[in-house]
Every structure is written in structure tokens, then in C-alpha cells.
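Every number in this text was worked out from the coordinates using simple rules, so none of it is lab data. As the structure is a computational prediction, the values presented were derived from the model and not from experiment. Backbone-built Cβ (ideal geometry, glycine too); neighbour counts: all protein chains shown.
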Amino acid sequence: MPVPSAAPDVDLPGVELVARLRLGVMRLARRLRQQADGEVTPSLLSALATVERLGPLTLGELAAVERVQPPTVTKLVARLEEMHFVAREADPQDRRVTRVRLAEEGRSYMARSRTRKDAYLAQRLQRFSAHERALLADALPLLERLAHEEEQP
């Protein structure tokens with residue numbers, strides 16, 4: 001059965017690479033999400049990580065980074081506030097603007113979450129040979145480029 005493709009010159013090994021990479025990354029991401037606290041959804045965790053990395057942010061900035069609509073980000077921030085993970089504060093240059101910053105409880109949660117996920121990965125990597133771990137280390141810059149490069153037209 002032919003493999004559908006957007007371009008007629010796509011070779012099967014390339015298609016297989018794409019499919020296997022997508023599936024492997026999705027499965028690993030799901031396993032890592034399972035290591036998180038059940039009360040914190042992936043959307044909440046993503047917004048919290050963005051505030052930690054880039055904050056303090058306006059709701060509009062957070063919505064843009066998270067690629068969600070303003071009403072969605074408003075709900076996410078309200079829930080994160082209820083959990084005491086973030087706090088809203090007035091912008092020092094323009095008191096009419098509100099920014100979301102990471103609260104101490106949010107910082108502690110993120111540290112615990114990372115520690116738990118790192119421990120999970122470390123345990124799994126112990127099963128790999130030194131050569132296999134070296135191969136993964138060599139592939140990390142490529143995976144990081146895939147994850148962080150903006151989409152090209």
C-alpha cells in the first residue's frame with residue numbers, strides 16, 4: 001500500500017523516521033506527564049513553566065506564548081492562583097497593566113516536578129549501555145533544535 005505524502009519525492013525511510021520519532025516523543029512525553037501531580041493538568045503545567053521561564057508576563061503575553069485564546073489563559077491563571085502557584089501584580093511602569101509572576105509555592109512545585117521526572121528518566125537510562133547513553137547525548141542537540149525552532153513557511 002502506498003504511503004501518502006505531501007511531496008512525491010519523499011523516501012520511505014524518511015517517512016518511517018518521522019513516524020517513529022513522532023510516536024517515540026509522544027509516548028515519552030506521556031510517561032513524563034504521568035509523573036506529575038494529578039491535580040496539575042498539562043495545560044496548567046505548561047503555563048506555569050512559561051511564567052517561570054519568561055515571567056512576569058501579562059495575560060496577553062502568556063496567551064501568545066502558550067498559543068491559546070485570552071479566555072483560556074484567564075482560566076488557567078485563575079486556577080494557578082487558586083493553587084498559590086502564581087500571583088498577579090501591577091506593572092511598575094504602568095499600574096493599569098497586570099503581570100503574572102511565579103509564587104514561591106509554584107517555584108517549589110516546579111522543582112519537585114522536575115526532580116520526580118528526572119529521577120524517572122535516570123532510572124530508565126540505567127538500563128541503557130554506556131554506548132546507548134552516548135548516542136542519546138549525541139542526539140540531544142538535534143532534539144533541542146526540533147523542539148525550539150520556529151516553524152518555517
TODO: Multiply the residue gap between R96 and V25 by 0.36 nm, knock off their C-alpha separation, and tell me the result in nm, one decimal place.
DONE: 21.4 nm
TODO: Apply 1/(1 + (r/R0)^6) to the Cβ-Cβ distance of R124 and E149, taking R0 = 25 Å, and write down the FRET efficiency to the nearest 0.05.
DONE: 0.40
- [ ] Pop a pseudo-label 7 angstrom from the Cα along the beta-carbon direction at both Q34 and D138 and give the gap in nm to one decimal.
- [x] 3.0
Task: Pair R67, L54: separation of 7 Å Cα→Cβ label points (nm) - done: 1.2
Open item on the list: With angles folded into 0 to 90 degrees, how steeply does helix 70-82 sit against the dominant principal axis of the chain? Use alpha carbons for both and round to 10.
Closed with: 70
Open item on the list: Can you give me the long-range amide H partners of V86? Hydrogens built in the peptide plane at 1.01 Å from N, cutoff under 5 Å, separation of 5 or more residues or another chain.
Closed with: E81, A103
Task: Identified option (computed Rg and Dmax of the Cα atoms in Å; candidates (i) 14.7, 48; (ii) 14.4, 45; (iii) 19.6, 63) - done: (iii)
